[in-house]
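Undergrad: Take a look at the following structure, please.
The values are calculated or read from the model by the stated rules, or taken from the named source; none is laboratory data. All values reported here derive from a predicted model rather than from experimental measurement. Cβ placement follows ideal geometry from the backbone for every residue including glycine, while neighbour counts extend to all protein chains displayed.
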Amino acid sequence: MKKVFIEASKCTGCKSCEIACAVEHSMSKDIYKAIFEVPSPPRFNSVLKFDGFIASLRCAHCEDAPCVAICPTSAIYRDPETDLVVYNETKCIGCWQCAMACPFGAIYPDLERKVSRKCDGCNERVKSGRIPACVEACPTNALIYADVATIEEYKREKTISSLSRTTKTYVEVI
Amino acid sequence: MADILKDKERVWNNKAHNFGLIPESNIEMLKKQEKEVKTTSLQRLALQEPQCGFGELGVCCRMCYMGPCRIDVFNGGPRVGVCGATADVIVARNLLRETVGGAAAHAEHAMDIAEVLKEVAEGKISTYSIKDEDKLKAVAKALGVKTDGRDIKEIAKEVAEISLEDFKRLEKEPAVWVKAYAPKSSYEIWEKIGVIPHNAWKPIMNAMHRTSMGNDADPINILLADLQMGLIDGYMGLTMATELSDVLFGTPKPIRSFANLATIKPEYVNIAVHGHNPLLSEKIVEWADKLNEKAKSLGAKGINIVGICCTGNEVLMRHGIPLAGNEFQAELAIVTGALDAMVVDYQCIWPILADVASCYHTKLITTMPFVKIPGAMHLEYSPEKADEVAKQVIETALEAYTRRDPSRVYIPDGAEEIIAGFSVEALLEVLKKINSDDPLKPLIDNIVNGNIFGVVAIVGCPNPKTRRLAFTERMIKGLLKNNVLVIVTGCIAHIAGQAGFLNPNKVDSFEVGNGLKQVLKALGNVAGLNSLPVAIHMGSCVDNSRIGVLLKALSERLGLKVSDLPVVASAPELISEKAISIGTWALALGVTVHVCPPPRVLGGPKVREVLTKELKSITGGEAYVECDPELAVKGILDRIRQKRIALNLPVPEAVVI
């Protein structure tokens, strides 16, 4: 299953992912029209900065998701086709158990309509063969759409290649 | 390396190859460019998309170092910047700075020409001369300069001095060009709202000052400054540049030529002139003629000058130089492999041209001290060295020609015949043949009786975003069906020419409303043609001033405000800040201005309200944003219909798109 991974060192905090998320979850899917929509389109990711560490945070679509396990009405469930953790607003009773269970703060409550909402992993886009909107919008490729094995392989290779560069320099210096 | 970007590359690739409705001949060239240069404008656009939402909506403020600040246009985020600036303040300031960019460009263009006119009048340079004395006298008369019994150089000197004074005046008197060329009714409105500029420098200085951190925080007050910047653009920019260019190089008359990349000819030494100011391109045309034999001695059939962008329009109108391509196609002209040199002056010169040229034998030559591109050859132009530079440019092209690789040459077919160069003077000349006492009457009569439903000036740039939609072509087609007289300038004129809208023989191949067709044929007959083309070519982008002159004449002849006339302007594919400043001038005049892509003000609700609604009760102008070509046609027709109803003119019932 492919997920959105973050290479935090590449994130500049431009918030393009936030805008792309709102536009994707608007009725029109067009930024120039989305700003006129009532209610305002929701977004399910946040760019945060702590001690110089910037990252774009969203639902991790956990393999063993506590929100899915705890939801008493099965409003939050796993789409068997894409394996993404998605939700059905009409079933939600607003008990916020999912919000309590989520370790990432990935639940975005709609207090007016008293229902939970969250990142749907751009379920519809993914089903039609497209990549999530936030990933497409990321100008520095800090957001990576891949499966966990691929991203780990990428990181291993990246670390090794940077080590080998350091070693070469070290040898040259000597 | 694990291929973590594979999915994203697929997205880029799909977007880069989404040619949409771009003409087939251009697609061939884009594919050739992709193969040989490894970059195309569509690829570069794909890599930028989706573009920054804050930027698109104008709500990013970079005026100080507490920022950059961004306003959240959706719920939940910040509503003001660190200093407290609201979305409206931010978009208004950004809009004013954009308008300054455009107005400064046009003002410097005009000033360059005025300076040359002064030096010619004083006999300081011999490289240029006054080619149109009648026009000089007409300009002098408009500016209040006495002409009777005076030497032509004396008149020219005074005209040039008055023009230059408009840039640097210290006294608080209205700028002469604004007063001379503004329609009376518009001028009265501007006086009332206090936006008449005294000079060009102060409002530009003031605009940069008032938009810097901690100054004007009243969006309405900033928008008034924006209107004033529009006037600087319109009169100390466009109008002065056009009128004085006519004095130096001649007032355009209808002239036949060709458009499209096919005007680049394999058997000739091909030189493209690209940019805006005719000062240099005029000289290139002159020297191409003088050095033609030299090209023949190299085995070529001669020297073929082709025009790109607006300087292309300038030399087209005065010399019939063919239009090779618009700003978007400048790269493609090099990709033909048959272009030996591209000489550029200023504005709309994409830096990528140097990279593209480096893949071929083509020499890219920059000429302006403030427009240099790494990788290009620089031959510095100045008016007194104009002949020398032009000669060097041609010699450089001749040398490059000897290195041309014929196996890499590919030029698409289909040069389209065009007729161009309808200056106001030329139009009046045609109309005078119908009514010599009151030449505007035939035009007015036909608007009144509904043969001409309205007039739409389609101006501006060829944006890759909207080229994929064939925005301009679809709009023109829709307007023609509804008897709208279409005027084109700038790069839109290139698009119109390539699509056949400027071809007088193709009138019957488009669906043109019967009334309009009748008028075009009648006017064509008196002009010695079968018909006028379905779109009227009025020149380069600074020649939008010609439309302003026509509007002044119509409004004063009828005693109506400009905003009463059934006229709409449209910049359907805008790229440049200059389009924003031209549009601002049109709004100040009271014209309805359709525009796409949306100007970067939509994030500010109050500014949006003022530009699209409240302005109507001030200057009469209205900004209209619509990015679907057919809906834009409908919106424009609706607006013209309302103006016709207000004037008690007949209104046709159904609208066909």
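Undergrad: List every residue pair whose Cβ atoms sit under 6 Å apart, with the two residues 6 or more apart in sequence or on different chains, where the first one lies in the range A:5-16 and is farther than 13 Å from A:LEU48 by Cα and the second, anywhere, is of a type in the set (Gly, Ala, Ser) and not in a helix (DSSP H, G or I).
TA: Once the first residue is farther than 13 Å from A:LEU48 by Cα and sits in the range A:5-16, its partners that are of a type in the set (Gly, Ala, Ser) and not in a helix (DSSP H, G or I) give A:GLU7/A:ALA142; A:LYS10/A:ALA142.
Undergrad: Could you list, in sequence order, all residues of the range A:118-168 that are of a type outside the set (A, V, I, L, M, F, W, C), assigned to a loop (DSSP other than H, G, I, E, B) and under 14 Å from the mean Cα position of the chain (by Cα)?
TA: Hits for the range A:118-168 are A:ASP120, A:GLY121, A:PRO132, A:ASN141.
Undergrad: Name the residue that is nearest to B:GLU416 (Cα to Cα), counting only residues in the range B:475-534 that are of a type in the set (Val, Ile, Thr) and part of a helix (DSSP H, G or I).
TA: B:ILE495
Undergrad: Also: Identify the residue in the range B:56-67 that is out of contact with any helix residue (DSSP H, G or I) (no Cβ under 8 Å at 6 or more places or on another chain) and at pLDDT 95 or above and, among all such residues, is farthest from the other protein chains (Cβ to nearest Cβ).
TA: Among those that are out of contact with any helix residue (DSSP H, G or I) (no Cβ under 8 Å at 6 or more places or on another chain) and at pLDDT 95 or above, it is B:CYS64.
Undergrad: Sticking with this one: Quick one: which residue in A:TYR145, A:TYR108, A:TYR77 is more than 14 Å from chain B (Cβ to nearest Cβ) and either at pLDDT 95 or above or in contact with a strand residue (DSSP E or B) (Cβ under 9 Å, 6 or more places away or on another chain) (or both)?
TA: Being more than 14 Å from chain B (Cβ to nearest Cβ) and either at pLDDT 95 or above or in contact with a strand residue (DSSP E or B) (Cβ under 9 Å, 6 or more places away or on another chain) (or both) holds for just one of A:TYR145, A:TYR108, A:TYR77, which is A:TYR77.
Undergrad: Wholly within the range B:564-657, which helices (runs of 4 or more DSSP H) include no fewer than the required count, namely at least 2 residues that are farther than 26 Å from B:ALA92 by Cβ and in the same structural domain as B:ASN446 (by TED's automatic domain parsing)?
TA: B:629-646
Undergrad: With the requirement that a residue be surrounded by fewer than 24 Cβ atoms within 10 Å (Cβ to Cβ) and within 23 Å of B:ARG408 (Cβ to Cβ), what does the range B:337-350 give you?
TA: Correct list: B:GLY337, B:TRP350.
Undergrad: Is there a residue being more than 14 Å from B:ALA390 (Cβ to Cβ) and surrounded by fewer than 24 Cβ atoms within 10 Å (Cβ to Cβ) anywhere in the range B:269-289?
TA: no
Undergrad: Go through the range B:604-623 and report how many residues are within 18 Å of B:LEU574 (Cβ to Cβ) and either buried (at least 20 other Cβ atoms within 10 Å of the Cβ) or among the aliphatic types (A, V, I, L, M) (or both).
TA: So the answer is 6.
Undergrad: Something else now. Can you tell which of B:GLY337, B:GLY307, B:GLY312 is within 27 Å of B:GLU28 (Cβ to Cβ), in a loop (DSSP other than H, G, I, E, B) and not β-branched (Val, Ile, Thr)?
TA: Answer to the check: B:GLY337.
Undergrad: Just one of the numbered conditions (1) among the hydrophobic types (A, V, I, L, M, F, W, C); (2) farther than 12 Å from B:ILE305 by Cα; (3) surrounded by 24 or more Cβ atoms within 10 Å (Cβ to Cβ) is not true of B:ILE321; which one?
TA: All conditions pass for B:ILE321, except number (2).
Undergrad: A:SER56: within 20 Å of A:GLY121 (Cβ to Cβ), loosely packed, with under 15 Cβ neighbours inside 10 Å and polar (S, T, N, Q), yes or no?
TA: Spelling it out, it is not the case that A:SER56 is within 20 Å of A:GLY121 (Cβ to Cβ), loosely packed, with under 15 Cβ neighbours inside 10 Å and polar (S, T, N, Q).
Undergrad: Then there is this: From A:ALA20, A:ALA60, A:ALA34, grab the single residue that is closer than 18 Å to A:CYS134 by Cβ and more than 9 Å from chain B (Cβ to nearest Cβ).
TA: Exactly one residue qualifies, and that residue is A:ALA60.
Undergrad: A further question follows. Regarding A:THR150, is this residue within 14 Å of chain B (Cβ to nearest Cβ), polar (S, T, N, Q) and surrounded by 13 or more Cβ atoms within 10 Å (Cβ to Cβ)?
TA: yes
Undergrad: Can you find a residue in the range B:75-86 that is more than 9 Å from chain A (Cβ to nearest Cβ), crowded, with 23+ Cβ neighbours inside 10 Å and of a type in the set (D, E, K, R)?
TA: no
Undergrad: Does B:LEU332 meet the test of being assigned to a helix (DSSP H, G or I), modelled with pLDDT of 95 or more and under 26 Å from B:PHE422 (Cα atoms)?
TA: Against the criterion (assigned to a helix (DSSP H, G or I), modelled with pLDDT of 95 or more and under 26 Å from B:PHE422 (Cα atoms)), B:LEU332 does not qualify.
Undergrad: Right, something else. If you go through the range B:97-125, how many residues are within 17 Å of B:SER212 (Cβ to Cβ) and surrounded by 24 or more Cβ atoms within 10 Å (Cβ to Cβ)?
TA: Final tally of qualifying residues: 2.
Undergrad: Limited to the range B:151-185, what total is found for residues that are more than 23 Å from B:LEU244 (Cα to Cα) and of a type in the set (Ser, Thr, Tyr)?
TA: Within the range B:151-185, residues that are more than 23 Å from B:LEU244 (Cα to Cα) and of a type in the set (Ser, Thr, Tyr) number 1.
Undergrad: Residue check, B:ALA142 against (1) within 14 Å of another protein chain (Cβ to nearest Cβ); (2) surrounded by fewer than 23 Cβ atoms within 10 Å (Cβ to Cβ); (3) in a helix (DSSP H, G or I), all met but one. Which one?
TA: Checking B:ALA142 against (1) within 14 Å of another protein chain (Cβ to nearest Cβ); (2) surrounded by fewer than 23 Cβ atoms within 10 Å (Cβ to Cβ); (3) in a helix (DSSP H, G or I), the one that fails is (1).
Undergrad: For residues that are surrounded by 18 or more Cβ atoms within 10 Å (Cβ to Cβ) and over 16 Å from A:VAL85 (Cβ atoms), scanning just the range A:37-46, find the one that is farthest from the other protein chains (Cβ to nearest Cβ).
TA: Filtering first and then ranking leaves A:SER46.
Undergrad: Moving to a separate point now. Please verify whether A:SER9 is more than 9 Å from chain B (Cβ to nearest Cβ) and at pLDDT below 90, treating the condition exactly as stated.
TA: Yes, satisfied.
Undergrad: Among the listed residues B:LYS32, B:LYS15, which satisfies the condition of being in a helix (DSSP H, G or I), surrounded by 15 or more Cβ atoms within 10 Å (Cβ to Cβ) and within 14 Å of another protein chain (Cβ to nearest Cβ)?
TA: B:LYS15
Undergrad: Please verify whether B:ARG70 is buried (at least 18 other Cβ atoms within 10 Å of the Cβ), within 14 Å of chain A (Cβ to nearest Cβ) and more than 28 Å from the chain's Cα centre (by Cα), treating the condition exactly as stated.
TA: It is true that B:ARG70 is buried (at least 18 other Cβ atoms within 10 Å of the Cβ), within 14 Å of chain A (Cβ to nearest Cβ) and more than 28 Å from the chain's Cα centre (by Cα).
Undergrad: Would it be correct to say that A:VAL68 is within 12 Å of chain B (Cβ to nearest Cβ), surrounded by 16 or more Cβ atoms within 10 Å (Cβ to Cβ) and at pLDDT 90 or above?
TA: Judged against the criteria, A:VAL68 is not a match.
Undergrad: What number of residues within the range B:213-264 satisfy the criterion of being in contact with a Lys or Arg (Cβ under 7 Å, 6 or more places away or on another chain), under 29 Å from B:ALA330 (Cβ atoms) and surrounded by fewer than 24 Cβ atoms within 10 Å (Cβ to Cβ)?
TA: 3
Undergrad: Looking at (1) away from every other protein chain (no Cβ under 14 Å); (2) without any contact (Cβ under 8 Å) to a residue 24 or more places away in the chain, find the lone condition where B:LEU42 falls short.
TA: Condition (2) is where B:LEU42 drops out.
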